[in-house]
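The values are calculated or read from the model by the stated rules, or taken from the named source; none is laboratory data. Owing to the predicted nature of the structure, the values given are computational and were not obtained by experimental measurement. When we count neighbours, we look across all protein chains shown, and the Cβ atoms used for this are built from the backbone with ideal geometry, even at glycine. When the accessible area is computed, the model is the full protein with side chains, heavy atoms only, and any ligands, DNA or RNA have been set aside. Shrake-Rupley method; radii C 1.70, N 1.55, O 1.52, S 1.80 Å.
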Amino acid sequence: MGETLTESYCPAFDGPPIRELTVGGLLREAAAEAPDATALVAGMPDPADRRRWTYAELLTESERVARALLARFEPGERVAVWAPNVPEWVMLEFGCGLAGVVLVTVNPAFQSQEVDYVLRQSGASGVITMGEFRGNPMLATVTELQSDLPQLREVISLADWDDFLASGDPARELPEVDPGAPAQIQYTSGTTGFPKGAVLHHRGIVNNARDIMERNDPPSGSAYVNPMPLFHTGGCVIGVLGCAWRRMAHVLVLAFDPGLVLELIETERSSSMAGVPTMLIAMIEHPDFATRDLSSVQVVTSGGSTVPEPLVRRIEESLGANFTIVFGQTECSPVATMTRPADSVEDKGRTLGQALPSMETKIIDPGTGDVVPIGEVGEFCTRGYHVMLGYHENPEATAEAIDADGWLHTGDLCSMDERGYCSIEGRLKDMIIRGGENIYPREIEDLLFAHPAIGEVAVVGIPDDTWGEIVGAFIRFAPGEELTETELRAYCRDHLAPHKTPVQWHVVDEFPLTGSGKIQKFKLAQQAAGGS
């Protein structure tokens with residue numbers, strides 16, 4: 001898009017045509033074009049456990065999964081997967097796609113009450129899980145819950161995987177699946193509280209994965225190390241489906257460990273990877289970072305939260321690779337805007353890039369719904385092929401999110417420049433209103449993160465009887481660093497107006513995170529206010 005905008009509305013621009021393609025159809029195309037290329041590598045901590053599959057082998061296994069599913073479930077029924085990043089998860093994603101079964105993704109860290117909520121709200125007819133992971137007794141938990149979930153007919157253990165595969169009829173024809181049909185139900189991360197089940201369709205996630213990979217442009221057939229959890233769109237859309245588009249080797253990391261990721265990048269000669277900022281910081285701070293050969297990396301992609309300019313510069317200089325930012329949410333399959341590898345460090349650190357092709361973008365006044373002038377802050381809205389079908393069995397929440405004209409209202413506060421590049425200022429719910437003045441946490445977070453002594457930071461609003469809200473900052477210092485509250489306040493006062501300078505300072509060793517690595521600000525606000 002080359003035109004200069006006069007208001008904060010960016011029309012859709014042309015890219016590759018939207019493909020009427022399903023998750024299963026994408027795998028079939030990849031297997032037909034590159035049958036012998038490596039498709040999947042189990043990036044287990046022990047190299048002896050690293051199984052590998054070609055695209056032909058992955059299709060064969062996924063078709064067996066589809067037939068085993070159809071021996072138990074009808075197309076359109078919902079089946080949950082509660083497991084970490086194991087190869088069978090990927091086969092279930094493709095198998096559900098081939099069978100027309102809707103995949104429900106479940107965070108492996110969830111406890112009994114959370115799993116009960118997802119299984120109950122999604123109406124899952126089956127769940128596939130494992131005995132335990134990291135001390136979480138998953139199979140026992142689901143078995144106990146099943147008696148109170150009448151719709152849950154099947155509990156399948158990954159320990160019985162071979163028997164599960166063998167139960168399908170090899171002669172059974174797989175159904176034709178509509179690209180507009182539901183493919184997945186993904187439960188929103190919960191950075192601001194209660195999760196809702198976003199229903200994503202095949203067309204949306206398949207084309208979104210392609211457009212992301214097109215913009216990053218990694219070499220076809222190269223390796224992609226994926227530490228992002230598969231229950232999250234960063235793992236199962238960008239990772240799984242993106243690799244299939246490029247016929248890449250998808251190196252699946254069991255669970256994020258910075259040393260393991262660095263080793264896999266070196267041994268698999270990975271050209272690209274994705275990770276939220278907390279992951280990238282942990283990798284850079286790991287003692288192996290300086291000794292591993294990471295020269296194969298060409299592009300690193302991040303998202304999930306803002307990535308300050310100093311971190312962008314640090315990653316690009318440390319790796320000698322390009323860095324890109326993706327921005328969106330589960331409800332938009334998941335990416336709405338993205339920077340380009342060739343963009344300046346300033347654009348990567350200060351903006352979210354431009355919309356992907358075939359999408360419209362606008363920034364509106366949340367009160368009036370009017371498009372705001374260039375540079376003004378408002379709510380980010382997006383429209384196009386990528387918007388979810390809605391929230392599962394929650395028409396009220398769906399109507400709040402998607403208006404009558406098909407615009408998804410994200411709840412994100414952004415501004416847009418004359419090029420269509422967007423910048424985030426925070427969430428509508430995160431915006432701090434102090435004495436009637438709007439304060440955007442992003443500005444304060446960027447300033448604090450630029451200080452070399454600070455490793456991570458989150459700024460939240462804290463209820464106050466006098467001002468309504470005051471500014472609170474949570475700080476994790478970089479290794480070996482420390483500042484006093486007086487020094488922190490003086491640093492902010494040199495750069496910020498008095499009302500933006502944090503009043504409360506909290507030093508933490510770690511942040512409460514969602515399963516996909518986003519900081520849960522509502523928990524910090526509760527902590528600062530004396531809540532639980």
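The combined condition, being aliphatic (A, V, I, L, M), surrounded by 22 or more Cβ atoms within 10 Å (Cβ to Cβ) and assigned to a strand (DSSP E or B), is fulfilled by Leu413. Taken over the stretch 428-441, residues that are out of contact with any Pro (no Cβ under 7 Å at 6 or more places or on another chain) and either of a type in the set (Lys, Arg) or open to solvent by less than 20 Å² (accessible area, probe 1.4 Å) (or both) amount to 4. Would a scan of the stretch 261-277 turn up a residue that is within 23 Å of Gly95 (Cα to Cα), of a type outside the set (D, E, K, R) and out of contact with any Pro (no Cβ under 9 Å at 6 or more places or on another chain)? No, the stretch 261-277 contains no residue that is within 23 Å of Gly95 (Cα to Cα), of a type outside the set (D, E, K, R) and out of contact with any Pro (no Cβ under 9 Å at 6 or more places or on another chain).
You will find that of Ser318, Ser296, the residue that is in a helix (DSSP H, G or I), more than 17 Å from the chain's Cα centre (by Cα) and touching a residue at least 12 places away in the same chain (Cβ under 8 Å) is Ser318 and no other. The selection criterion, being among the β-branched types (Val, Ile, Thr), surrounded by fewer than 19 Cβ atoms within 10 Å (Cβ to Cβ) and under 30 Å from Pro179 (Cβ atoms), holds for Thr398. The residues on offer are Arg67, Arg19, and the sole one that is within 26 Å of the chain's Cα centre (by Cα) and either charged (D, E, K, R) or buried (at least 20 other Cβ atoms within 10 Å of the Cβ) (or both) is Arg19.
Results for (1) assigned to a strand (DSSP E or B); (2) in contact with a helix residue (DSSP H, G or I) (Cβ under 6 Å, 6 or more places away or on another chain); (3) in contact (Cβ under 8 Å) with a residue 12 or more places away in the chain; (4) farther than 19 Å from Gly168 by Cα, shown as yes or no for each residue.
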{"position": "Leu69", "(1), (2), (3), (4)": "no, yes, yes, no"}
{"position": "Gly76", "(1), (2), (3), (4)": "no, no, yes, no"}
{"position": "Val81", "(1), (2), (3), (4)": "yes, yes, yes, no"}
{"position": "Glu88", "(1), (2), (3), (4)": "no, yes, yes, no"}
{"position": "Leu119", "(1), (2), (3), (4)": "no, no, yes, yes"}
{"position": "Ala124", "(1), (2), (3), (4)": "no, no, yes, yes"}
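State whether the residues of the stretch 230-250 include one that is of a type in the set (Gly, Ala, Ser), touching a residue at least 24 places away in the same chain (Cβ under 8 Å) and not in a helix (DSSP H, G or I). Within the stretch 230-250, one or more residues are of a type in the set (Gly, Ala, Ser), touching a residue at least 24 places away in the same chain (Cβ under 8 Å) and not in a helix (DSSP H, G or I).
Here Ser358 passes the criteria (1) touching a residue at least 60 places away in the same chain (Cβ under 8 Å); (2) on the phi < 0 side of the Ramachandran plot; (3) open to solvent by 10 Å² or more (accessible area, probe 1.4 Å); (4) of a type in the set (Ser, Thr, Tyr) except the one numbered (2).
Condition check for Ala171 on (1) among the small types (Gly, Ala, Ser); (2) closer than 30 Å to Lys521 by Cβ; (3) assigned to a loop (DSSP other than H, G, I, E, B): one failure, at (2). The one condition from (1) modelled with pLDDT of 90 or more; (2) within 30 Å of Ser8 (Cβ to Cβ) that Leu496 does not meet is (1).
Out of the residues in the stretch 299-315 that are hydrophobic (A, V, I, L, M, F, W, C) and farther than 14 Å from Ser272 by Cβ, which is nearest to the chain's Cα centre (by Cα)? Here the answer is Val307. Against the condition at pLDDT below 95, assigned to a loop (DSSP other than H, G, I, E, B), more than 20 Å from Gln184 (Cα to Cα) and in contact with a strand residue (DSSP E or B) (Cβ under 7 Å, 6 or more places away or on another chain), how does Pro366 come out, does it pass? So Pro366 passes the test.
Output the residues belonging to the stretch 486-532 that are open to solvent by less than 60 Å² (accessible area, probe 1.4 Å), in a loop (DSSP other than H, G, I, E, B) and closer than 20 Å to Pro195 by Cβ. Phe511, Pro512, Thr514, Gly515, Ser516, Gly517, Lys518, Gln520, Gly531 - these are the residues of the stretch 486-532 that are open to solvent by less than 60 Å² (accessible area, probe 1.4 Å), in a loop (DSSP other than H, G, I, E, B) and closer than 20 Å to Pro195 by Cβ. State yes or no: is Val345 touching a Ser or Thr at 6+ places or on another chain (Cβ under 9 Å), open to solvent by 10 Å² or more (accessible area, probe 1.4 Å) and β-branched (Val, Ile, Thr)? For Val345, the condition - touching a Ser or Thr at 6+ places or on another chain (Cβ under 9 Å), open to solvent by 10 Å² or more (accessible area, probe 1.4 Å) and β-branched (Val, Ile, Thr) - is not met. Kindly establish whether Pro45 is surrounded by fewer than 16 Cβ atoms within 10 Å (Cβ to Cβ), without any contact (Cβ under 8 Å) to a residue 12 or more places away in the chain and not in a helix (DSSP H, G or I). It is false that Pro45 is surrounded by fewer than 16 Cβ atoms within 10 Å (Cβ to Cβ), without any contact (Cβ under 8 Å) to a residue 12 or more places away in the chain and not in a helix (DSSP H, G or I). Right, Leu5: farther than 15 Å from Val90 by Cα, in contact with a Gly (Cβ under 8 Å, 6 or more places away or on another chain), open to solvent by 10 Å² or more (accessible area, probe 1.4 Å) and not acidic (Asp, Glu) or not? Yes; evaluated as a whole, the condition is true for this residue. What do you reckon, is Lys523 under 27 Å from the mean Cα position of the chain (by Cα) and either at positive phi or in contact (Cβ under 8 Å) with a residue 40 or more places away in the chain (or both)? For Lys523, the condition - under 27 Å from the mean Cα position of the chain (by Cα) and either at positive phi or in contact (Cβ under 8 Å) with a residue 40 or more places away in the chain (or both) - is not met. Evaluate the stretch 442-464: report whether one residue or more is touching a strand residue (DSSP E or B) at 6+ places or on another chain (Cβ under 9 Å), open to solvent by less than 40 Å² (accessible area, probe 1.4 Å) and either modelled with pLDDT under 85 or on the phi > 0 side of the Ramachandran plot (or both). Yes, some residue in the stretch 442-464 is touching a strand residue (DSSP E or B) at 6+ places or on another chain (Cβ under 9 Å), open to solvent by less than 40 Å² (accessible area, probe 1.4 Å) and either modelled with pLDDT under 85 or on the phi > 0 side of the Ramachandran plot (or both). Sub-8 Å Cβ pairs linking a first residue in the stretch 490-516 that is under 15 Å from Asp446 (Cβ atoms) to a second residue that is among the hydroxyl-bearing types (Ser, Thr, Tyr), at least 6 apart or interchain, are Cys492/Thr501, ordered by first then second residue. Considering Ala458, Ala453, the condition of being in contact (Cβ under 8 Å) with a residue 40 or more places away in the chain and farther than 23 Å from Cys332 by Cβ is satisfied by Ala458 alone. Got at least one residue in the stretch 393-400 being touching a residue at least 60 places away in the same chain (Cβ under 8 Å) and assigned to a loop (DSSP other than H, G, I, E, B)? So far as the stretch 393-400 goes, yes, one or more of its residues are touching a residue at least 60 places away in the same chain (Cβ under 8 Å) and assigned to a loop (DSSP other than H, G, I, E, B).
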